[in-house]
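**Student:** The following block contains the structure, expressed as structure tokens.
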Amino acid sequence: MFDMTRSNPLEQMFNFQRDVDRLFNQFWSDLPTRPAMASPNAIQVNTTDEGWRIDVPLPGIDPANVSLEVAGNTLSIRADETGPDKNQRVVRYEQTLTVPQFLDLEKIAASHQHGLLSLTLPIKDSVKPRRIQISSGEPNKQLARATT
């Protein structure tokens, strides 16, 4: 008549765990999907055949208060912006980048426009691919003349 089943505490615990897992999975799958966007203050690195361009957002910082230092293959960017009271520091920014050996830090160029510091690091000439001219002729005759 009536099916009498016994309550099993272990089975109830596993059922509860399954329900919680289902809720978490449903929560994460129902979140709206959006593309991963870079932080507005993140450094952006763009590569070309000629080198790298590094863009560092420094909004509200006077370019006169920004300093760049190169030591070995390390590039340091520092900015100190002071307020109306010269003893009070309003903004302090510091970033250190390790630059690959194939970039020429001797020829680095920097510009600042609309709160964006742009650094251009060219590829070293010794690393750039170069075209080698092939001469046509008979090198064996020239070699034979030199030995006789």
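Readers should treat all values here as calculations from the given coordinates under stated rules, not as data from a laboratory. What you see is a predicted model, and the numbers here were worked out from it, not measured in a lab. All Cβ positions, glycine included, derive from the backbone under ideal geometry; neighbour counts span all protein chains shown.
**Student:** Starting from the Cα of residue 18, step 7 Å along the direction of its Cβ; do the same at residue 116; then give the gap between the two resulting points in nm.
**Tutor:** For the pair residue 18/residue 116, the computed spacing is 5.5 nm.
**Student:** Now a separate question. Around residue 63, what is the net charge, scoring Lys/Arg as +1 and Asp/Glu as -1 over all other residues with Cβ under 15 Å from its Cβ? Each step should come with its number before you reach the end.
**Tutor:** On the way: positive: 78; negative: 55, 62, 80, 81.
For residues surrounding residue 63, the net value is -3.
**Student:** Suppose the chain between residue 131 and residue 27 were pulled fully straight at 0.36 nm per residue; how much longer would it get relative to their current alpha carbon spacing? Write down the numbers at each step before the final one.
**Tutor:** Values: separation 104, 0.36 × 104 = 37.44 nm, distance 5.81 nm.
Taking 0.36 nm per residue and subtracting the Cα distance, the gain is 31.6 nm.
**Student:** What's the exposure ranking of 53, 18, 131, going from fewest to most Cβ atoms within 10 Å?
**Tutor:** On the way: 53 15, 18 10, 131 5.
Ordered by Cβ neighbours within 10 Å, fewest first: 131, 18, 53.
**Student:** Can you run the Rg to Rh ratio on the stretch 44-122? Use alpha carbon positions and the Kirkwood inverse-distance Rh. Can you show the working numbers first?
**Tutor:** Details: Rg = 13.6 Å, Rh = 13.4 Å.
Radius of gyration relative to Kirkwood radius: 1.02.
**Student:** On to the next question. Which whole-Hz couplings ³J(HN,Hα) result when phi for each residue of the stretch 93-98 is put into the Karplus expression 6.51 cos²θ - 1.76 cosθ + 1.60, θ = phi - 60°, listed in order with x for Gly and Pro?
**Tutor:** So the Karplus estimates, Gly and Pro as x, are 10, 8, 9, 10, 10, 9 Hz.
**Student:** Another question, then. Kindly put 120, 48 in sequence by how many other C-beta atoms sit within 10 Å of each C-beta, fewest to most.
**Tutor:** Numbers: 120 15, 48 10.
Sorted ascending by nearby Cβ count, the order is 48, 120.
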